[in-house]
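> Got a structure here, written out as structure tokens. Questions coming.
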Amino acid sequence: MADPEGTTAAAGTSAPDDAVLTVDVAVIGAGPAGLSTALNLVRARRTVLLVDANRPRNAATLRSHGFLTRDGVSPLELRKLGRAEVESYPEATVVQAVVDEVAADGDRWRVHGGWRGTEVTASARAVVVATGLREEFPALPMLRAFYGTSVHSCVECDGYEKAGEPLAFVCETPDVVDRALFLAAWTDDLIVYTNGAATLDDAGRARLAAAGVRVDEREVADLEGDRSGMTGVRLVDGHVEPRSGGFVRPVWQVDTDWLRADVDRDAEGLLVVDGVGRTGVPGIYAVGDVTPPGPEQLIVAAGHGARTASAVHRDLIGGLTDVRDAVQ
């Protein structure tokens, strides 16, 4: 993780606070996608500025799963290990900062950010956006208390640990049926709570009923539990249904107002890219959760980062006639 008091890596390139750091690539975001991008770029001998705001979406999650050789590791530990690997290369500069502007500056990109009164300004030939997303949850007072332990958002990441348990799925969005059917593969005792949102039609109810998934469309007051974890779901009418855990469908927000480039976005605000992370703006790339289809497993994000790093390196070389980067 980033040193809260520092802004530059112990290893790697550094620059005075009032200087402009000149690099080949600026990578904004130090989750698995950004770290993998940065690592592969420095191994291509590209000078890289990696900017870490130190605000990971999965900070509350105790263990991450599905990452080969690191199954069960804390997401924070995974970030710490990844950052240390990037920092070990002299081509890398790692700073803790919140980026407030990325704007065109001639044929380069100006990157500016700050943290606790310290500013960083860089000039980069290319910028990779790997900032991830911000989650907004249903308005249940105790949800945050159980999130990351009893309640999760990624079924593929945490479904195995909840398999066979009596689970709740709180979902207020129109994709409730598909998501509930997917979750039902891990348990045969699932109740879907739409929390009063009109997201189900008769066809959807029939699909869920046929799969043995119960549906409760009443408003939810809160989740119940104690120090041992979640124990139930309490409705506004006072009824409490025993549940040992569950999943929630967040609404994801993209916070990239600082990106002063006319980048195409989809209906959800995610940055549209080609198969290797290129946006429609030369020199601007995006990777990880900030690109369609949105949140993905950590190992998938890391793989995408490696692929995008290859595309960035090839584009910076220029003049290459092979098309491997477009199909890998």
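> Within the stretch 278-304, track down each residue that is farther than 23 Å from Asp257 by Cβ and either of a type in the set (Gly, Ala, Ser) or outside the structural domain of Ala130 (by TED's automatic domain parsing) (or both).
Hits for the stretch 278-304 are Ala302, Gly303.
> Considering only residues of the stretch 97-126 that are acidic (Asp, Glu) and over 18 Å from Asp24 (Cβ atoms), which is modelled with the lowest pLDDT? Full working, then the answer.
Filtering the stretch 97-126 down to residues acidic (Asp, Glu) leaves 100-101, 105, 107, 119.
This time we only want the ones that are over 18 Å from Asp24 (Cβ atoms), so: 100-101, 119.
On the way: Asp100: 95, Glu101: 97, Glu119: 91.
Step by step, filter the stretch 97-126, then rank; the result is Glu119.
> Restrict the check to the stretch 34-53 and report whether at least one residue is free of Cβ contacts under 8 Å to residues at least 24 places away in the same chain and either within 15 Å of the chain's Cα centre (by Cα) or farther than 25 Å from Asp255 by Cα (or both). I'd like the intermediate steps shown before the answer.
To start, the set of residues in the stretch 34-53 that are free of Cβ contacts under 8 Å to residues at least 24 places away in the same chain comprises none.
No, there is no match, as no residue in the stretch 34-53 is free of Cβ contacts under 8 Å to residues at least 24 places away in the same chain and either within 15 Å of the chain's Cα centre (by Cα) or farther than 25 Å from Asp255 by Cα (or both).
> Same structure, new question: Looking only at the stretch 112-140, how many residues end up being out of contact with any Gly (no Cβ under 6 Å at 6 or more places or on another chain), at negative phi and small (Gly, Ala, Ser)?
6
> Could you tell me whether Ser310 is at pLDDT 95 or above, surrounded by fewer than 21 Cβ atoms within 10 Å (Cβ to Cβ), assigned by TED's automatic domain parsing to the domain that holds Asp188 and within 27 Å of Gly66 (Cβ to Cβ)?
Details: at pLDDT 95 or above: yes; surrounded by fewer than 21 Cβ atoms within 10 Å (Cβ to Cβ): yes; assigned by TED's automatic domain parsing to the domain that holds Asp188: no; within 27 Å of Gly66 (Cβ to Cβ): yes.
Judged against the criteria, Ser310 is not a match.
> Exactly one condition in (1) assigned to a loop (DSSP other than H, G, I, E, B); (2) farther than 13 Å from Val86 by Cα; (3) modelled with pLDDT of 80 or more is not met by Pro16; state its number.
All conditions pass for Pro16, except number (3).
> The conditions are (1) modelled with pLDDT of 95 or more; (2) surrounded by 18 or more Cβ atoms within 10 Å (Cβ to Cβ), and Arg265 fails exactly one of them. Which is it?
So Arg265 meets the others, but not (2).
> Continuing with this model, one more query. Looking at Thr118, Thr69 in this structure, which one is surrounded by fewer than 18 Cβ atoms within 10 Å (Cβ to Cβ), more than 18 Å from the chain's Cα centre (by Cα), free of Cβ contacts under 8 Å to residues at least 24 places away in the same chain and farther than 16 Å from Ala33 by Cα?
Thr69
> With the requirement that a residue be acidic (Asp, Glu) and either crowded, with 17+ Cβ neighbours inside 10 Å or in contact with a Gly (Cβ under 9 Å, 6 or more places away or on another chain) (or both), what does the stretch 223-238 give you?
Listed by number, the list holds a single entry, Glu224.
> Give just the number: which of (1) surrounded by fewer than 19 Cβ atoms within 10 Å (Cβ to Cβ); (2) touching a residue at least 40 places away in the same chain (Cβ under 8 Å); (3) over 28 Å from Ala180 (Cα atoms); (4) among the β-branched types (Val, Ile, Thr) does Val251 not satisfy?
(3)
Here is a yes/no grid of residues against (1) touching a Gly at 6+ places or on another chain (Cβ under 9 Å); (2) modelled with pLDDT of 95 or more; (3) hydrophobic (A, V, I, L, M, F, W, C); (4) outside any helix (DSSP H, G or I):
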{"position": "Ala168", "(1), (2), (3), (4)": "yes, yes, yes, yes"}
{"position": "Arg179", "(1), (2), (3), (4)": "no, yes, no, no"}
{"position": "Trp186", "(1), (2), (3), (4)": "yes, yes, yes, yes"}
{"position": "Asn195", "(1), (2), (3), (4)": "no, yes, no, yes"}
{"position": "Gly212", "(1), (2), (3), (4)": "no, yes, no, yes"}
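> Restricting to the stretch 163-216, what's the tally of residues that are surrounded by fewer than 15 Cβ atoms within 10 Å (Cβ to Cβ) and touching a residue at least 40 places away in the same chain (Cβ under 8 Å)?
Adding up the residues that qualify gives 2.
> Taking Gln297, is it in contact with a Cys (Cβ under 7 Å, 6 or more places away or on another chain) and not charged (D, E, K, R)?
Judged against the criteria, Gln297 is a match.
> Please report, ordered by residue number, the strands (runs of 3 or more DSSP E) entirely within the stretch 218-317 with at least 1 residues that are over 26 Å from Asn40 (Cα atoms) and touching a strand residue (DSSP E or B) at 6+ places or on another chain (Cβ under 6 Å).
Fully inside the stretch 218-317 and qualifying: 220-226, 229-235, 240-242, 245-248, 251-253.
> Then there's this: Has the stretch 155-163 got at least one residue that is outside the structural domain of Arg144 (by TED's automatic domain parsing), touching a His at 6+ places or on another chain (Cβ under 9 Å) and not basic (Lys, Arg)?
Within the stretch 155-163, the subset outside the structural domain of Arg144 (by TED's automatic domain parsing) is none.
No, the stretch 155-163 contains no residue that is outside the structural domain of Arg144 (by TED's automatic domain parsing), touching a His at 6+ places or on another chain (Cβ under 9 Å) and not basic (Lys, Arg).
> Residue by residue through the stretch 134-145, note down the ones that are assigned to a loop (DSSP other than H, G, I, E, B) and either in contact with a Leu (Cβ under 7 Å, 6 or more places away or on another chain) or surrounded by 21 or more Cβ atoms within 10 Å (Cβ to Cβ) (or both).
Answer for the stretch 134-145, where residues must be assigned to a loop (DSSP other than H, G, I, E, B) and either in contact with a Leu (Cβ under 7 Å, 6 or more places away or on another chain) or surrounded by 21 or more Cβ atoms within 10 Å (Cβ to Cβ) (or both): Phe137, Leu140, Met142.
> Turning to a different aspect of this structure: Against the definition (farther than 20 Å from Val25 by Cβ, assigned by TED's automatic domain parsing to the domain that holds Ala286 and not hydroxyl-bearing (Ser, Thr, Tyr)), how does Leu143 come out, yes or no?
For Leu143, the condition - farther than 20 Å from Val25 by Cβ, assigned by TED's automatic domain parsing to the domain that holds Ala286 and not hydroxyl-bearing (Ser, Thr, Tyr) - is not met.
The values are calculated or read from the model by the stated rules, or taken from the named source; none is laboratory data. Fair warning: this is a prediction, and the values are worked out from it, not measured in the lab. Every residue, glycine among them, receives a Cβ derived from its backbone with ideal geometry; neighbour counts consider all protein chains shown.
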